[in-house]
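Encoded as C-alpha cells, the structure appears first; notes follow it.
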Amino acid sequence: MAAAAATTTTTARTTTSTCRVAKPYSSLAASSTSQLPFKFNKVTSRSNNSIRCTLTRNPFSVTEMDVKTESDPALWQRPDSLGRFGKFGGKYVPETLMHALSELETAFYKLADDREFQEELFGILKDYVGRESPLYFAERLTEHYKRPNGEGPLIYLKREDLNHTGAHKINNAVAQALLAKRLGKQRIIAETGAGQHGVATATVCARFGLQCIIYMGAQDMERQSLNVFRMRLLGAEVRAVHSGTATLKDATSEAIRDWVTNVETTHYILGSVAGPHPYPVMVREFHAVIGKETRKQALEKWGGKPDVLVACVGGGSNAMGLFHEFVNDKDVRLIGVEAAGHGLDSGKHAATLTKGEVGVLHGAMSYLLQDEDGQIVEPHSISAGLDYPGVGPEHSFLKDEGRAEYYCVTDDEALEAFKRLSRLEGIIPALETSHALAYLEDLCPTLPNGTKVVLNCSGRGDKDVQTAIKYLQI
C-alpha cells in the first residue's frame, strides 16, 4: 500500500487520528489519495495496556469513490485482479485470514481448468443433486396475468426447488466441499439463515464424510425448526447465535470468528455471493449453472433468449446464478427483488439496495443498511433468507451501472404470492422466492404481449409452512 499521511490531535487521554491513504477500493486509482470516510478515536486506559477503538462516520459522498467503468458489459472486469467489482468487493479481513483466502483463490482458479475436478462435479450435480432442473411453463400463472384483451407475458419458472435438499444452495455446497477435500480440510463450517444453506452443507458433509458445524441465529432457529432438525439428522452440529439480532448477520460473524481461530484445519463454505474475495466470484461461478441451463432450455423451447429474468435478493446467490450468464446480453432485463418487510418507511425491512449506503461488512465493500454512525441497522423480513443487512458486491456494482434493476415487496405481498402460486400451480414456494413472485403483480401489467419472463424458483416452501400458518387465514 502507498505510504499514509496522518494528522494527529491530542487531549489528556484521547488521540484522534485521521489518515489519507490510497483508495483501497479503486484498482484504477492506485496512485491517488483520498480522505477515509471514517475517523478513529483511540482511547487509552492508564490502568492497563488495552486500547479501545470506536469508529465514527465522517460526512462523505459516495461519488468520491466512483470508478470509471466501460459502458459495454462485455468489457467489465467482474471482478478485477484484486477481487473488486468497480469500487465494491475486496478483502477487508484480519491478517490471519489472508493466507487462507489466497490459498482458496489459487485452488479455485486452478480447479476451473482441472478436467478431473470438473467431471467429478458434473457427475455429482447430475446424479446426486438431480440437475438439470426444469424450465417450467407456468400456464395458470400466465393466465392469471393476462389482460382483458387476452394479451400478457409468458411466465416460466426455473425449478431450483426440485434440487436435492429443495433449493439452489446445494450447487455451491457440493462444489465447495469438493474444493475443501482438495485443500485437505476435514472440518467444515457454514452460516445459515433460512436453513437451506445449512441443510445443503450438512448434506454434502454427510456425503463426503466431513465434520460439519453450522452457525444459525437463535431467532432463525425458532422460525426454521424443521431445517434445524434436518441438519442435526444429517450429523451436523448446529450452534445457536444469540448475539446481536440473532439472525443471519450474526451467524455469519460467528462463522468468521470460528474460521479465524481454526483456519489451518477448517474450510468456510460461505453460502452467498458476499464476503471477501474470492467468495463472491466463487459462489457465483458454482451457481452459474442456473443461467447456463436457462439459456440452453430457452433455446430449445422457443428458439431464443428470455426477455426478463426475475429473482429474489438477500445476499444474492440465486439471482447472480441466474443473471451471470446474461449480463452481457443487454437486451435481457435483470430484476432483483428485495424484502420491504413492513414497508420502506417503517424502518423494518431488508431492502439493502433500495435504502442502503456504501460500507464494509463481512470482509467486502457493498451497500449496507446502516445508521449515521455507520452502525448496522437491524433488518427485517418474514423470510429468514432475506433478513440480511448487506448484499453481494456484484449486485451493488450492477445496480450502480444500471445493468440490473432492484425493487422490493412487503411481507404481506410475499405471503399473498406464496398462496397464489400454491393454488394456481400446485407449487409451494419458499418465502424468499415468494418475494420475486409478488413483484409480478407490478411487472406483468407493463410488459408487451408474449414477453418471456423466467423467474428463479429458488427453493420450496416446506420450511416456511409454520411461519405462514401464523399469518394466513386459510
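The values are calculated or read from the model by the stated rules, or taken from the named source; none is laboratory data. As the structure is a computational prediction, the values presented were derived from the model and not from experiment. Here the Cβ is made from the backbone with ideal geometry for all residues, glycine too, and neighbour counts use every protein chain on show. Side chains included, ligands, DNA and RNA excluded: accessible areas come from the protein's heavy atoms. Shrake-Rupley method; radii C 1.70, N 1.55, O 1.52, S 1.80 Å.
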Q. Mind checking whether some residue in segment 114-132 is among the polar types (S, T, N, Q), crowded, with 18+ Cβ neighbours inside 10 Å and on the phi < 0 side of the Ramachandran plot?
A. no
**Q.** Criterion (farther than 13 Å from Thr352 by Cβ and free of Cβ contacts under 8 Å to residues at least 12 places away in the same chain) met by exactly one of Gly385, Gly402
**A.** Gly402
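Just checking, which of Tyr109, Tyr145, Tyr156, Tyr136 is among the hydroxyl-bearing types (Ser, Thr, Tyr) and under 23 Å from Ile269 (Cα atoms)?
Tyr109
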(Q) Yes or no: segment 304-319 includes at least one residue that is farther than 16 Å from Leu334 by Cα, under 16 Å from the mean Cα position of the chain (by Cα), crowded, with 24+ Cβ neighbours inside 10 Å and of a type in the set (Ser, Thr, Tyr). (A) no
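Could you tell me whether segment 63-76 includes any residue that is polar (S, T, N, Q), surrounded by 11 or more Cβ atoms within 10 Å (Cβ to Cβ) and at pLDDT 95 or above?
Scanning segment 63-76, I find no residue that is polar (S, T, N, Q), surrounded by 11 or more Cβ atoms within 10 Å (Cβ to Cβ) and at pLDDT 95 or above, so the answer is no.
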Q.
Quick check on segment 179-198. Is at least one of its residues without any contact (Cβ under 8 Å) to a residue 40 or more places away in the chain and over 22 Å from Ile290 (Cα atoms)?
A. yes
Q) Just to be sure, is Ala351 surrounded by 22 or more Cβ atoms within 10 Å (Cβ to Cβ), more than 19 Å from Thr252 (Cα to Cα) and out of contact with any Lys or Arg (no Cβ under 9 Å at 6 or more places or on another chain)? A) no
**Q.** Set Ala364, Ala339: member being closer than 21 Å to Ala438 by Cα and open to solvent by less than 10 Å² (accessible area, probe 1.4 Å)
**A.** Ala339
Q | Residues of segment 275-311 satisfying the condition of being farther than 16 Å from Asn171 by Cβ and not in a helix (DSSP H, G or I) | A | Gly275, Pro276, His277, Pro278, Gly303, Gly304, Lys305, Pro306, Asp307, Val308, Leu309, Val310
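For segment 412-466: of the residues being polar (S, T, N, Q) and free of Cβ contacts under 8 Å to residues at least 40 places away in the same chain, which is most open to solvent (accessible area, probe 1.4 Å)?
Step one: of segment 412-466, the residues polar (S, T, N, Q) are 422, 433-434, 446, 449, 451, 456, 458, 466.
The next check asks that each one be free of Cβ contacts under 8 Å to residues at least 40 places away in the same chain; those that pass are 422, 446.
Numbers: Ser422: 35, Thr446: 98 Å².
So, considering only residues that are polar (S, T, N, Q) and free of Cβ contacts under 8 Å to residues at least 40 places away in the same chain, the one most open to solvent (accessible area, probe 1.4 Å) is Thr446.
Would you confirm whether or not segment 367-375 contains a residue that is of a type in the set (S, T, N, Q), open to solvent by less than 10 Å² (accessible area, probe 1.4 Å) and modelled with pLDDT of 95 or more?
Scanning segment 367-375 turns up no residue that is of a type in the set (S, T, N, Q), open to solvent by less than 10 Å² (accessible area, probe 1.4 Å) and modelled with pLDDT of 95 or more.
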Q: Test Gly90 against the criterion of being over 23 Å from the mean Cα position of the chain (by Cα), of a type in the set (Gly, Ala, Ser) and open to solvent by less than 30 Å² (accessible area, probe 1.4 Å), and give yes or no.
A: no
Q: Could you grab me the full set of residues in segment 283-303 that are among the polar types (S, T, N, Q) and crowded, with 24+ Cβ neighbours inside 10 Å?
A: Thr294
Q. Residues in segment 414-431: is at least one of a type in the set (Phe, Trp, Tyr), more than 18 Å from the chain's Cα centre (by Cα) and closer than 30 Å to Phe137 by Cα?
A. yes
(Q) Take the conditions among the β-branched types (Val, Ile, Thr) and under 19 Å from the mean Cα position of the chain (by Cα) and apply them to Thr451. Does it pass? (A) no
Q: Starting from segment 242-264, keep only residues that are closer than 16 Å to Ala350 by Cα and free of Cβ contacts under 8 Å to residues at least 40 places away in the same chain, then list their pairs with residues that are open to solvent by 30 Å² or more (accessible area, probe 1.4 Å) and part of a helix (DSSP H, G or I) whose Cβ atoms are within a distance under 7 Å, requiring at least 6 positions of separation or different chains.
A: Ala246/Gln219
Q. If we keep just the residues of segment 133-168 that are over 21 Å from Ala298 (Cα atoms) and of a type in the set (S, T, N, Q), which is surrounded by the fewest Cβ atoms within 10 Å (Cβ to Cβ)?
A. Asn149
